[in-house]
Amino acid sequence: MAASAVPDFLYGTAWKEGRTAALIGLALRAGFRGIDTANQRRHYVEAGVGEALVAAYRTGIVTRADIFVQTKFTYQRGQDHRLPYDPAAPVATQVAQSMASSLEHLATDRVDSYVLHGPASGRDWTEDDVDAWAAMVRERDIGHTRWLGVSNVSLRHLVQMEATGAERPTFVQNRCYARFGWDRAVRVFCAERAIVYQGFSLLTANPEVVQHPLVGRLAEREKASPAQIVFAFARAVGMLPLTGTSDPYHMAQDLASRALSLSADEVQAIEALAG
Ligand SMILES: NC(=O)c1ccc[n+]([C@@H]2O[C@H](COP(=O)([O-])OP(=O)(O)OC[C@H]3O[C@@H](n4cnc5c(N)ncnc54)[C@H](OP(=O)(O)O)[C@@H]3O)[C@@H](O)[C@H]2O)c1
């Protein structure tokens with residue numbers, strides 16, 4: 001993969017604690033080339049991600065140029081006491097401090113994507129978000145990240161963000177619920193602006209889809225698992241999926257789902273299942 005390319009699957013590193021480095025090593029060996037993390041110690045061990053990357057460079061599994069590394073800035077309300085910045089500092093300073101800490105954890109001088117973990121308010125794009133985003137743009141301008149993104153956003157957030165005249169994100173990363181039309185409104189907004197939609201919790205948020213007879217029949221026909229059909233569907237509707245599997249067999253399965261193809265009718269049928 002060229003450094004400029006975005007891979008077609010992201011390996012998520014949340015909730016792995018002491019197993020973080022080992023699992024990322026396995027994921028890289030399985031073939032994942034996109035890594036998603038966050039400088040949020042409550043849910044992620046970003047330093048463990050860096051440890052795995054350094055080990056993989058040393059053993060020749062990948063070079064830095066082969067991989068896409070994405071991390072996030074998380075407001076204090078999403079953190080516990082283990083903060084990567086001074087909570088008394090203005091938000092813009094917190095962004096710069098969090099980025100410096102991420103680069104150190106990840107043993108790199110530039111990440112590929114830097115994501116605002118979530119807006120300050122569940123409802124509106126606030127002044128804090130305006131400040132954080134401007135600081136993130138500055139981090140991009142000085143070369144600390146190639147691209148920028150936002151996460152856990154509603155259509156309302158995105159519309160309000162756009163109305164501030166802010167630079168458009170390259171990525172939107174959201175939890176994707178089938179029962180909300182697979183986040184259709186946000187996906188449409190992204191598609192119209194060539195923003196890459198990253199979908200997470202595709203399996204865990206949608207057990208009714210994973211267990212649905214239609215998905216079961218398609219899995220049987222393709223000699224695949226229902227999980228693989230869900231990932232194939234996600235890709236077919238234009239998402240960049242994430243998986244956080246801890247199981248090497250599932251790592252291989254998730255990557256193999258890239259070879260599955262569903263007809264337009266089948267994709268439409270899955271899209272209509274719960275939306
Ligand atoms: N921006 C945010 O706020 C945010 C929030 C949550 C997550 N994320 C990111 O998204 C990543 C992924 O999170 P997620 O919620 O999608 O996944 P996840 O919670 O890590 O879980 C994936 C689940 O699917 C199962 N699974 C995966 N592949 C499977 C397969 N082929 N067959 C059967 N089961 C399979 C896994 O079980 P096994 O382990 O047994 O395979 C696991 O239970 C996180 O690690 C994080 O990087 C971001």
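The values are calculated or read from the model by the stated rules, or taken from the named source; none is laboratory data. As the structure is a computational prediction, the values presented were derived from the model and not from experiment. Here Cβ is always computed from backbone atoms with ideal geometry, including for glycine, and neighbour counts include all displayed protein chains. The area values use the complete protein model at the heavy-atom level, side chains included, leaving out ligands, DNA and RNA. Shrake-Rupley method; radii C 1.70, N 1.55, O 1.52, S 1.80 Å.
In the chain, the longest principal axis of the Cα atoms and the axis of helix 226-236 are about 70 degrees apart. Multiplying the residue separation of I142 and D247 by 0.36 nm and subtracting their alpha-carbon distance yields 34.0 nm.
Computed log10 I(q)/I(0) for the range 168-262 at 0.16, 0.19, 0.21 Å⁻¹: -0.64, -0.89, -1.06, from the Debye equation with unit scatterers placed on every C-alpha and solvent omitted. Helix-only arithmetic for the chain: the sum of -39500 (n - 2.57) across DSSP H runs with n ≥ 4, divided by the residue total, places the mean residue ellipticity at 222 nm at -12500 deg cm²/dmol. Taking the average, over residues, of other Cβ atoms within 10 Å as the packing measure, peptides 244-257, 93-106, 155-168, 34-47 rank 34-47, 93-106, 244-257, 155-168 from highest down. Residues of the range 106-140 with an amide N closer than 19 Å to a point placed 7 Å from the Cα of T93 along the Cα-to-Cβ direction: 128-139.
Compared with the direct C-alpha span, the chain from L214 to H81 gains 43.3 nm at full extension, assuming 0.36 nm per residue. Per residue, the solvent-accessible area of the chain (1.4 Å probe, heavy atoms of protein chains only, all protein chains present) comes to 43 Å².
Place a point 7 Å from the Cα of S121 along the Cα-to-Cβ direction; which residues of the range 156-173 have their backbone N under 20 Å from it? In the range 156-173, the label zone of S121 (backbone N under 20 Å from the point 7 Å along Cα→Cβ) covers 156-167. Ligands, DNA and RNA left out, the accessible area of the chain computed with a 1.4 Å probe is 54% carbon and sulfur.
Computed from Cα atoms, the angle from the helix 91-105 axis to the main principal axis of the chain rounds to 70 degrees.
Gyration tensor analysis over the Cα atoms of the chain returns equivalent ellipsoid semi-axes of 30, 24, 16 Å (largest first, whole Å).
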